[in-house]
Each structure stands twice: as C-alpha cells, then as structure tokens.
C-alpha cells in the first residue's frame, strides 16, 4: 500500500478540512449533542460540495470517501458520513437518500442517526433490507454519547425491501470498514485535544507535555491511532474485504478503549468536564467501539473469514 496521498487525494483532504473548519468543531458538536440533533446544515454543505458522493461520482473511490469520513470524525461532525459516503457505496455500489442509519437486529440498543434518518438499512442475519423513514418513525433517545440516537420500534423490524442475496454480508463488511475509519478520526481528535491541553498545562514550572513519562504515553497513543488510521484506509482502498474490514474494526475498537483511558488520565479532572472538548470525542469512542458487537465480535468475524465458522 502506498502511504503517500496522490495530488488529487491531498486536494480532497485539504478541501474537506477547509469546509469542516467553517461548519464543524467540538463546540458545535457539544451544542448539537445537548439537543440530540443531527447537523443537517453540515450534511448539506458536504453534499453540495460533492464529498458525500466521493465513492460514486466516478472521479474518486472508496479511499477518497474514507478520507472524507475520517476528516468528518476528526472534526466531530454530527452527520452520518460513515454510512452514507462509505458503507453504502462499498456494499451496494450506489448512494441512498440521507441521512442513512445502519442497524443490526442482532445487536439491540440505540442506533446512531436513526431518529433523523431518511433511509434505514437493517441487517437481519444474512439478509439486509432498506426502508424509507418519515419524521417521527423512530423515537429519539437521550444518551451521553454525543450522537443523535434512536431506537428501532418493533413495527419496523420486519419492514423494508430485501436488498438481494449476499447483501447482509457485504453491508456488514462495509459497515466495519466505515466504523474503523470513524474510530480512527475520532481517536485522532481525542489525542490532538489532549496534546493541546498538555502543552498549555504547567506543573513544576514546565508544560506537562515536556515530561518524558508523558511523552512516552503520548507516543504509544500516537502509534495506535496511526496504525488504526492506515488499517482503515487500506481496507477502504481494497473495497472492504471481510477479513480486512473485521481486522481493521477490531484493532480500532481495541485502540479506542485504551485511548479513552489514556487521554482522560493524562488530562486529569478537566477532561471529564463539559467545558473541555475531550468529552466530545471520548464519549463518541465509547459508542463506536461497541457498535456491531465490538472488538470481540469483529475478531470472531476475522477468524471466520480466514478459517470458516466452527
């Protein structure tokens, strides 16, 4: 895999970063989280600029879409970019009306963006179904995780039209690839937030970031974030193969658990307050790392892809 972005990829990354600097950020994310709301203004801006269609426009592909999704997660954007820009094109080869929510009926619980979704994709074992939602179809839930959440009612569990043979497996693999990318971007945001604080916070007349023990821990976190990021980009570039997507998701979910503990411990008490930006990223990590069954389920899927199920 080439770890250098092409000129076109760098241009995409720079353009989406510039857009997100105007339309996203932790303060906006925190305000939206208090309302449990999706950022429709950001979604329109991304769609109008063509970023949500990067994988299906014919001028780019899934790796470019992953660059967009990772940047949105890094900027704490409250939009379903992972589903709309990466998972759906990777699994189905086309775009669907957004916002898009992904739900696995085998994993009951809150579903990200379900209360605001226009399209809901349901995983039901080996099958996958799609249905169009109207406002109010999915009840909104209050959670501390920084995403707008909803709970799929029983009346919708068997609804929708079947997406065809093999759609369930393809969608699950693509969802894992998107999760890995979102985890990588969110971890990068958490680590950069922590580093910024440690450069400013002084103890014994020196910035905390200048102490060697702190630097060692930051370096270990940085290695995990970069490894998760490039594993995620690789699986997107390879069109989310079952084993690669599962391994990328498993590694990212495990790294997210460790990064949550490290960034909060390094930040001290302020990291748990609403006035500090760390909670925007760290609470999202808690939601993302448990999605689709978490690291253990991703690891089982990787083993099954390589050796088959027992």
Defining a contact as two alpha carbons under 8 Å apart and six or more residues distant in sequence, what relative contact order in percent does the stretch 168-307 show? 35 percent
Could the peptides 48-58, 276-286, 197-207 be put in order, highest first, of the mean number of other beta-carbon atoms found within 10 Å of their residues? 276-286, 48-58, 197-207
Globularity ratio of the stretch 168-307, using Cα Rg and 2.2 N^0.38 Å: 1.13
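How high is the relative contact order of the chain, given as a whole-number percent (alpha carbon pairs under 8 Å, six or more residues apart)?
17 percent
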Roughly speaking, what % of Cα-Cα pairs in the stretch 263-303 are separated by over 13 Å, rounded to a whole number? 60 percent
Taking just the alpha-carbon atoms of the stretch 50-99, what radius of gyration and Dmax come out, in angstrom? 9.7, 27
Residue span residue 161 to residue 141: 0.36 nm per residue of separation minus Cα-Cα distance leaves a gain in nm of 4.6 nm
Modelled FRET efficiency - R0 35 Å, residue 15 with residue 309, Cβ distances, 0.05 increments: 0.20
With no solvent and one equal point scatterer per Cα, compute the Debye intensity ratio I(q)/I(0) for the stretch 99-184 at 0.15, 0.17, 0.22 Å⁻¹ and report its log10, rounded to two decimals. -0.52, -0.67, -1.11
The stretch 1-72: C-alpha gyration tensor shape, a/c 1.5 cut-off, then a/b vs b/c: prolate
Residue 4 paired with residue 220, simple spin-label distance in nm, labels 7 Å along Cα-to-beta-carbon: 3.4 nm
Rounded to a whole number, the Stokes-Einstein D of the chain in µm²/s (Kirkwood radius over Cα pairs; 25 °C; 0.890 mPa s) is 126 µm²/s
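How high is the FRET efficiency between residue 210 and residue 34 when r is their beta carbon distance and R₀ equals 41 Å, given to the nearest 0.05?
For residue 210 and residue 34, the calculated efficiency is 0.70.
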Label point distance in nm, residue 27-residue 44, each placed 7 Å from Cα along Cα→Cβ: 2.2 nm
Just want the ordering: 186, 193, from fewest to most Cβ atoms lying within 10 Å of their own Cβ. 193, 186
Would you give the gap between the C-alpha center of the stretch 15-92 and the C-alpha center of the stretch 176-190, rounded to a whole Å? 13 Å
P(r) of the stretch 153-243 over all Cα-Cα pairs, binned every 10 Å from zero, in whole percent: 15, 28, 22, 18, 11, 6, 1
So for the stretch 10-139, using the alpha carbon gyration tensor with a ≥ b ≥ c as root eigenvalues (a/c under 1.5 gives rounded; past that, a/b versus b/c decides prolate or oblate), I'd call it oblate
Please work out, to two decimal places, the log10 of the ratio I(q)/I(0) at q = 0.18, 0.30 Å⁻¹ from a Debye calculation in which every Cα of the stretch 162-211 carries one identical scatterer. -0.67, -0.98
Using Cα pairs under 8 angstrom and six or more residues apart, how large is the relative contact order of the stretch 229-294, in percent? 30 percent
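FYI, it's all coordinate maths here, none of it is from the lab. Note that this is a predicted model, so its numbers are computed, not measured. Glycine gets a Cβ as well: all are built from the backbone with ideal geometry, and neighbour counts include every protein chain shown.
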